[in-house]
1. What shape does segment 30-90 take by its C-alpha gyration tensor, where a ≥ b ≥ c are the square roots of the eigenvalues and a/c under 1.5 counts as rounded, a/b above b/c as prolate, and the rest as oblate?
2. Among M114, T196, Q324, pick out the residue whose Cα is farthest towards the positive end of the charge dipole of the chain, where Lys and Arg carry +1 and Asp and Glu carry -1 on C-beta, about the Cα centre.
3. Could you work out how much longer the chain between T320 and E66 gets when fully extended? Use 0.36 nm per residue separation minus the Cα distance between them, nm to one decimal.
4. When the chain is fully extended, how far beyond the present Cα-Cα distance does E189 get from Q265, taking 0.36 nm per residue of separation?
5. Rounding to the nearest 20 debye, state how big the charge dipole of the chain is about its Cα centre with +1 on each Lys and Arg Cβ and -1 on each Asp and Glu Cβ.
6. Let me check I've understood the local charge: for D93, count other residues with C-beta under 10 angstrom from its C-beta, Lys and Arg +1, Asp and Glu -1. What total comes out?
7. Take the alpha carbon gyration tensor of segment 251-325, find the square roots of its eigenvalues, order them as a ≥ b ≥ c, and report rounded if a/c is under 1.5; if not, report prolate when a/b exceeds b/c, else oblate.
8. So what's the back-of-envelope 222 nm ellipticity for the chain, counting only DSSP H runs of four-plus at -39500 (n - 2.57) apiece and dividing by all residues, rounded to 500?
Amino acid sequence: MQRHRFNRRRIRPATFLLGLALCCCHGTVNAQSLVLRTAETHPNDYPTSVALRFLSERLSELSAGEVELKIYTGGQLGEEKDALELTILGGIDVSRVSLAPLNSIAPETTVLAMPFLFRSTEHMRSVLDGPIGKEILSSLESRGLVGLAYYDSGSRSIYNTRRPIHTPKDIEGLKIRVQNSDVAVAMVEALGGNPTPMGFGQVYESLMLGAIDGSENNWPSYESAGHFEVAQHYTLTRHTMVPEVLVISKYRWDQFDANKRAHLQQAAAESVSIMRKEWDARVEQSRDRLLAAGVELVENVDTDAFVGAVAPVYDRFIDTPQLQNLVSRIRAVGTTP
Ligand code: GTR
């Protein structure tokens with residue numbers, strides 16, 4: 001099967017120029033401190049941004065002020081797909097992204113974006129914290145990125161401007177925005193919708209203008225980006241639990257000595273528990289705020305019908321013994337310590 005893979009020649013000219021500009025004025029603010037430019041799509045109060053600020057402070061502490069992150073929140077450095085391309089080139093040092101736009105860069109990451117793969121948050125965390133999580137992170141190295149940590153992103157559910165959704169039949173004909181990932185496109189297709197891949201920053205306007213009928217995301221993103229103001233029907237499909245990931249440019253990593261690498265790895269590892277605490281609290285908070293704001297929640301979902309409809313997505317993407325083995329190993333991971 002021919003799948004889109006990352007190709008340096010396909011980088012858009014604007015991305016390339018921005019990359020060059022960032023490379024040229026890169027990095028060191030004074031002789032003592034190295035500042036790592038970090039891309040974050042969410043605003044300052046989102047759990048991932050809070051975790052990154054912790055990481056930056058911890059890194060600065062561990063390195064005695066030698067290294068810190070400068071965090072560009074709210075998508076200032078571009079949509080996730082573009083930010084990733086720039087990170088591979090070394091124009092951005094660190095990116096916090098969803099794993100979904102990495103699917104076309106590293107096929108191993110596809111596994112974690114598969115629908116109905118994880119049984120629960122505990123199952124997902126056990127997988128990510130264990131050898132499988134590490135194996136998938138290390139597959140990024142040959143693609144120009146070094147994986148530092150996974151962050152939680154809860155489960156994604158479908159919302160739309162038109163009608164309550166209970167079964168895949170209700171999705172038929174709806175234009176649903178998805179992340180830039182072939183798996184996400186195939187999944188919405190399998191559910192009978194018309195998938196429309198686009199950057200997160202364009203979704204609000206597209207919903208407003210009626211260019212799309214809906215999208216899919218977790219509670220905090222649905223709330224934080226204001227999508228609920230336009231698309232009021234939220235259905236707890238919980239179809240994927242694709243995690244967030246923190247990556248650093250391999251180009252930049254290769255310039256670091258062992259100390260800098262160890263400090264960065266330690267600060268990133270410590271930021272995971274901060275993120276999880278922030279995340280769990282934010283999910284509750286967002287849910288309460290959204291229900292108070294009048295979102296029409298469908299909890300009574302025909303989950304079996306959804307699981308059945310997306311089964312062909314596995315046949316299409318989990319198409320090598322390596323990927324099949326990863327899926328079986330993930331399913332076999334238990335959750336009791
Ligand atoms: C959010 C995720 C973002 C972005 C967004 C999207 O859940 O935190 O990084 O990927 O989804 O749908 O584009």
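1. On the way: a/c = 2.75, a/b = 1.39, b/c = 1.98.
In terms of gyration-tensor shape, oblate.
2. Most positive-ward Cα: Q324.
3. Working: separation 254, 0.36 × 254 = 91.44 nm, distance 4.41 nm.
Full extension from T320 to E66 adds 87.0 nm.
4. Length difference between fully extended and current span is 23.5 nm.
5. About 740 debye.
6. +3
7. Here segment 251-325 falls in the oblate category.
8. -12500 deg cm²/dmol
Read-outs throughout are calculated quantities, based only on the coordinates presented, and are distinct from any laboratory measurement. The structure presented is a predicted model; accordingly, all values stated were derived computationally and were not measured. Every residue, glycine among them, receives a Cβ derived from its backbone with ideal geometry; neighbour counts consider all protein chains shown.
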